[in-house]
1. Go through the residues of segment 198-210 one by one and say whether even a single one is within 18 Å of the chain's Cα centre (by Cα) and in a loop (DSSP other than H, G, I, E, B).
2. Can you pull out the residues in segment 21-65 that are under 21 Å from residue 166 (Cβ atoms), part of a loop (DSSP other than H, G, I, E, B) and within 9 Å of the ligand (Cβ to nearest atom)?
3. With the requirement that a residue be surrounded by 20 or more Cβ atoms within 10 Å (Cβ to Cβ) and among the β-branched types (Val, Ile, Thr), what does segment 14-59 give you?
4. Can you report the number of residues in segment 135-155 which are in contact with an Asp or Glu (Cβ under 8 Å, 6 or more places away or on another chain) and away from the ligand (no atom under 15 Å from the Cβ)?
5. Any residue at all in segment 204-227 that's on the phi > 0 side of the Ramachandran plot and exposed (fewer than 15 other Cβ atoms within 10 Å of the Cβ)?
6. Scan (1) part of a loop (DSSP other than H, G, I, E, B); (2) at pLDDT 95 or above for the single condition residue 162 breaks and write down its number.
7. Could you tell me which residue of segment 156-171 is nearest to the ligand (Cβ to nearest atom), considering only residues that are crowded, with 16+ Cβ neighbours inside 10 Å and aliphatic (A, V, I, L, M)?
8. Does residue 80 fit the bill of being modelled with pLDDT of 95 or more, acidic (Asp, Glu) and touching a helix residue (DSSP H, G or I) at 6+ places or on another chain (Cβ under 8 Å)?
Amino acid sequence: MQADYVQDVQATSSSLYQTPRVYDAAFSHRDFPAEIHVLTEWYLSVTKGEPLASVLELAAGPANHSIEYLSRGVSATALDICPQMIDYSAQKARQRGLSLRTVNANMLNFRLRDRFDMAMLLTDSACHIHTSKDMIRHLRCVGDHLNPGGLYVIELTKSSSPNYINKWSAQENGVDLSIEWGANGEDESRRTVSATTVSVSGNVEGQSIEINETIKTRSWSQFALEKAITASGSFTVARRYGDFLTGSSINDNSAPRLIYILRKNA
Ligand SMILES: C[S@@+](CC[C@H](N)C(=O)[O-])C[C@H]1O[C@@H](n2cnc3c(N)ncnc32)[C@H](O)[C@@H]1O
């Protein structure tokens, strides 16, 4: 399983996913409590008030969304193919006195004994699923791990949005990083699968960072994703949003994301 992932990443130094502290610092601008608040509102709205007791975060990375759920008393499991990410997320949860269940596996074909109320695939991690065949396999696998009527939340990045940002900096205690995700001129929206260049440079806690790598990614259109959802037979689209805001619309051209709330079919 690990070999598939490594084949898709060509790094000139270490890989961003294999240096989780750097990944976490680079994406620390996200407001995890606010996103979890909205996700929970959507869950309650779609399920008409069913209790949310357990979540499964796929391609979880540092698992910040899972950790936020744990802090609210919801049991959480984080799955990732990268062992460094798994170790990092478990340690991060422990430091907050929380017990995160972690699984080192491929999101395309994992097998767990537990069943969950909601699964999440966030921060455009669907870009690591490259073909429709794999997306269908993935959706069926996730569906098999949900309780009846359970939800699956998929967040895609909309690179055609005027609010899409591919260059930013991260500054916090001991962190000073410049990040570029996809070089200028790489028009991801025109290609289905592309080689995305990722550059991160600066300092994290006194350590100098220089990461330059190319990651094979897929940009999922609404059409391709919805076709795969229908073909999987596992889910029906319950809601579509353009951001982690209650009233956001997927049809707003300036919306920076495409967020799907899928409901497991009976
Ligand atoms: C863009 S990061 C997203 C991390 C996290 N979801 C977030 O919101 O910050 C993508 C993650 O997907 C993981 N990944 C890539 N391919 C995977 C696969 N086939 N199965 C499971 N995890 C995978 C990487 O190791 C990385 O941690």
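1. No, that holds for no residue.
2. 27, 30, 59, 61, 62
3. Hits for segment 14-59 are 19, 22, 36, 55.
4. Of the residues in that region, 5 qualify.
5. yes
6. Single failed check for residue 162: (2).
7. Here the residue is 156.
8. When the stated conditions are applied, residue 80 passes them.
The values are calculated or read from the model by the stated rules, or taken from the named source; none is laboratory data. Quantities reported herein were computed from a predicted structural model and do not represent experimental measurements. Every residue, glycine as well, gets a Cβ built from its backbone with ideal geometry; the counts of neighbours run over all protein chains shown.
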